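To start, the structure under review is shown below, and the notes come after it.
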Amino acid sequence: MRSLSTVQQVDQDVRIELTLRLWSREDPEAFEEYIDALIRLLPRTSGILERRIADTDPEPGIPDAVLVVSFPDSASVDGWLRDPLRDDLEDLAKRAVTHSLITDSRHRPAPTVDESAEVLLMQPDDGDLVEPRPSDVHGTGVFALVELPQDALIGRYTGVPTKVDGKFVLWVEGGEGSWEGIDGAGDLRFLNHSRSPNVVFDGPDLYALRDISPGEELLFDYGEDWSDTP
């Protein structure tokens, strides 16, 4: 299997790197048109295409193309992610890609909630990254459908706000040390526990702690109060 985890360490005072992993919807012309359109937006916010990697012999779970782009500062990154011209690419994106995944060099450690929300805008269908399946750990678990590189934003824990604990409630720290519950309604509510986790939550957002292979179960640490410790 060819490794596509090609992010190079950069001087954070000089450039901020984003790595975009893109999976094609089996329409090569639309796929190339979409990539070219993304690249053409870069100069509007001082972005540069550092390199592009194409997988000439794709395997299941491996992206069809990887773009490494860089920007001079966070404002330029956010400007590119929020560029109003991106709205014009929505129909093309639906024809061109099944989903995409971003790794942001600012996200070491994990980003703020506001930054995470902007990265989620780059994922046409982040639900295609994982799926629930029967688990050898317990009941139903969550499994990777594609290669998830270390530090990748996998998704957001969605559900109804609550103050009452429950089976699928995730507690996140709010303002002034308060805690807020989310009664899970999405696939991430099936995440199982491990003292050797491969994912971690930063607020409601889930990140990969290491490279995760397609078919591997995602596990996170429920916390010190949890007694069942596989």
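Some points to look at:
- Scanning segment 44-80 for residues that are farther than 16 Å from H99 by Cβ, hydrophobic (A, V, I, L, M, F, W, C) and modelled with pLDDT of 80 or more gives I48, L49, V68, V69, F71, A75, V77, W80.
- Screening S178 on (1) exposed (fewer than 13 other Cβ atoms within 10 Å of the Cβ); (2) at pLDDT 85 or above shows it passes everything except condition (2).
- Only one of the listed residues (L206, L188) is at pLDDT 85 or above, part of a strand (DSSP E or B) and surrounded by 17 or more Cβ atoms within 10 Å (Cβ to Cβ). That residue is L206.
- Considering residues of segment 119-170 that are closer than 13 Å to L191 by Cβ and within 11 Å of the chain's Cα centre (by Cα) only, the residue modelled with the highest pLDDT: V130
- Some residue of segment 86-101 being modelled with pLDDT under 80 and among the polar types (S, T, N, Q): yes
- Residue within segment 111-118 that is under 16 Å from I212 (Cβ atoms) and modelled with pLDDT under 50 present: no
The values are calculated or read from the model by the stated rules, or taken from the named source; none is laboratory data. Small disclaimer: the values here were computed from a predicted structure and weren't measured. Every residue, glycine among them, receives a Cβ derived from its backbone with ideal geometry; neighbour counts consider all protein chains shown.
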